[in-house]
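> One structure follows; several queries about it will come next.
The values are calculated or read from the model by the stated rules, or taken from the named source; none is laboratory data. Remember, predicted model here, so these are calculated numbers, not experimental data. Here the Cβ positions follow ideal geometry from the backbone for every residue, glycine too, while neighbour counts run over all protein chains shown. Quick note on the areas: whole protein, heavy atoms, side chains included, nothing else; ligands and nucleic acids left out. Shrake-Rupley method; radii C 1.70, N 1.55, O 1.52, S 1.80 Å.
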Amino acid sequence: MTAHFARKTFTTAITGASLAFLALHAQAAQTVNLGHTLSDSSHYSVGADAFKETLERLSDGEFEVVEHTAGALGGERAMIEGLQIGTVDVVITSTGPLGNFVPETYVLDLPFLFEDYDQARCVLDSEIGQELLDKMSDHDIVGLAWSENGFRHMTNSQRSVKTPADAEGLKVRTMENKVHMAAFEQMGVHPTPMAFPEVFTALQQGTVDGQENPITVIVATKFWEVQDHLSLTGHVYSPAAVLGSPILLDGLSDEERGWFVEAAQAAAEATREEVSRLEREGIALLRENGMTVETDIDKAPFQEAVQPAYEIYTEQYGSEMLDRIRASDC
């Protein structure tokens, strides 16, 4: 063997080994599939970006987050089921379908429970909120952090709504949540639960007259294209939750699991900041796009109309958690 050939063979071997090492290193990054039902310009996506940046930085590339928007992995209920069986790794979801899996969270969906954002965020960031996150592990879900949608308002294509009587007879899409449905039934509204990815088409085709969501979601989904009227009822504060799959997280070290918690908290903080921005700027945007916005809403008749929802809740789940929230220092 000539010296030139030996050097070439050695160099080739080193190059091959280097490429093999780099390939192995590249393959070592574990993909984390994160799903939500809103667009890539939504407040959920802002949170997902913060989750991705934080987890990839803390793990030094050990984990690579891939965001799936607009219900690409299914509706919220389907994605939560995916967490339980390990087909989805992380989900940002409203609490709408969550009560079907973790009944303790139904308390957060009671109408007019919170007066404002400060109170709602304070409760969710307290030991009450942490206790609710911890309870999720009993149902094969990992509660990572409380995020946010905002206060929910009603939209419809038929008429202005200023009182419960104005809403009577409207067919309104609600979340798949029996507390919400009971509240709307008390107002004489016909609640129609359906997965969020189906809502725009249902409104477009007239299958339902209206829907109810926070300003953040109304803006992100461009509901002005299929809805004419918005009423700022603020009837329910809508949290969001960052949830993980125990199939993934139970196999991690304490340090690695801590990265996911920190990433979820970063996502929640970024999302809340975006919600606050959209609350300030969203109404003007909706008006610019042709929606009639009713701001002069007397909430007292709405509060009275939905009061039976509290009775339905306490009869089934008791009043302990509700009493603790009402008695908190927030």
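> Among 99, 143, which is under 15 Å from the mean Cα position of the chain (by Cα) and either of a type in the set (Asp, Glu) or within 24 Å of residue 215 (Cα to Cα) (or both)?
99
> Let me ask something additional. Could you list, in sequence order, the residues of the range 192-213 that are surrounded by fewer than 21 Cβ atoms within 10 Å (Cβ to Cβ) and either over 16 Å from the mean Cα position of the chain (by Cα) or at pLDDT 95 or above (or both)?
192, 193, 198, 200, 201, 202, 204, 205, 206, 207
> Please specify each residue of the range 314-330 satisfying the condition of being over 17 Å from residue 183 (Cα atoms) and either hydrophobic (A, V, I, L, M, F, W, C) or open to solvent by 100 Å² or more (accessible area, probe 1.4 Å) (or both).
Of everything in the range 314-330, those that are over 17 Å from residue 183 (Cα atoms) and either hydrophobic (A, V, I, L, M, F, W, C) or open to solvent by 100 Å² or more (accessible area, probe 1.4 Å) (or both) turn out to be 320, 321, 325, 326, 327, 329, 330.
> Give me a count of the residues in the range 312-328 that are closer than 20 Å to residue 119 by Cβ and free of Cβ contacts under 8 Å to residues at least 60 places away in the same chain.
Going through the range 312-328 one residue at a time, the tally reaches 5.
> Further question on the same structure: Filter the range 239-265 for residues that are under 20 Å from the mean Cα position of the chain (by Cα) and among the small types (Gly, Ala, Ser) and give the result.
240, 241, 244, 245, 263, 264
> Might you let me know whether the range 73-90 holds any residue that is touching an Asp or Glu at 6+ places or on another chain (Cβ under 7 Å) and more than 13 Å from residue 146 (Cβ to Cβ)?
Yes - at least one qualifying residue is present in the range 73-90.
> Hey, another quick one. Just for the range 279-293: of the residues that are in a helix (DSSP H, G or I) and open to solvent by 20 Å² or more (accessible area, probe 1.4 Å), which one is nearest to residue 244 (Cα to Cα)?
279
> Also, I was wondering about something else. Just to check your reading of the model, which residue among 296, 323, 329, 250 is under 30 Å from residue 166 (Cα atoms) and out of contact with any strand residue (DSSP E or B) (no Cβ under 6 Å at 6 or more places or on another chain)?
When all the criteria are applied, what remains is 296.
> Quick check on this structure: which one of 216, 207 is closer than 30 Å to residue 312 by Cα, polar (S, T, N, Q) and either in contact with a strand residue (DSSP E or B) (Cβ under 7 Å, 6 or more places away or on another chain) or assigned to a strand (DSSP E or B) (or both)?
Every option except 216 fails the conditions.
> Restricting attention to the range 294-330, which residues are acidic (Asp, Glu) and assigned to a loop (DSSP other than H, G, I, E, B)?
Of everything in the range 294-330, those that are acidic (Asp, Glu) and assigned to a loop (DSSP other than H, G, I, E, B) turn out to be 296, 298, 329.
> For residues that are farther than 30 Å from residue 301 by Cβ and open to solvent by 40 Å² or more (accessible area, probe 1.4 Å), tally how many sit in the range 105-145.
10
Quick grid of which residues meet (1) open to solvent by less than 10 Å² (accessible area, probe 1.4 Å); (2) at pLDDT 95 or above:
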{"residue": "26", "(1), (2)": "no, no"}
{"residue": "30", "(1), (2)": "no, yes"}
{"residue": "41", "(1), (2)": "no, no"}
{"residue": "52", "(1), (2)": "no, yes"}
{"residue": "55", "(1), (2)": "yes, yes"}
{"residue": "79", "(1), (2)": "yes, yes"}
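> Would you please list the contacts, defined by Cβ atoms under 6 Å and residues six or more apart or on different chains, that run from a residue in the range 43-72 that is more than 30 Å from residue 281 (Cα to Cα) to a residue that is small (Gly, Ala, Ser) and in a loop (DSSP other than H, G, I, E, B)?
What qualifies is 61/29; 64/29.
> Moving on to the next point. Of the residues in the range 73-84, how many are touching a residue at least 40 places away in the same chain (Cβ under 8 Å) and either outside any loop (DSSP other than H, G, I, E, B) or more than 23 Å from residue 137 (Cα to Cα) (or both)?
Residues flagged as touching a residue at least 40 places away in the same chain (Cβ under 8 Å) and either outside any loop (DSSP other than H, G, I, E, B) or more than 23 Å from residue 137 (Cα to Cα) (or both) within the range 73-84 amount to 8.
> Now a separate question. Is it fair to say residue 269 is assigned to a helix (DSSP H, G or I), modelled with pLDDT under 95 and open to solvent by 30 Å² or more (accessible area, probe 1.4 Å)?
Considered against the rule, which asks whether it is assigned to a helix (DSSP H, G or I), modelled with pLDDT under 95 and open to solvent by 30 Å² or more (accessible area, probe 1.4 Å), residue 269 comes out as no.
> What pairs come out if I take residues in the range 175-188 that are free of Cβ contacts under 8 Å to residues at least 40 places away in the same chain and over 12 Å from residue 302 (Cα atoms) and pair them with residues that are aliphatic (A, V, I, L, M) and surrounded by fewer than 22 Cβ atoms within 10 Å (Cβ to Cβ) whose C-beta lies under 9 Å away, six or more apart or interchain?
Hits for this filter: zero, empty list.
> Do we find a residue being part of a loop (DSSP other than H, G, I, E, B), touching a strand residue (DSSP E or B) at 6+ places or on another chain (Cβ under 7 Å), modelled with pLDDT of 95 or more and buried (at least 22 other Cβ atoms within 10 Å of the Cβ) anywhere in the range 146-159?
no
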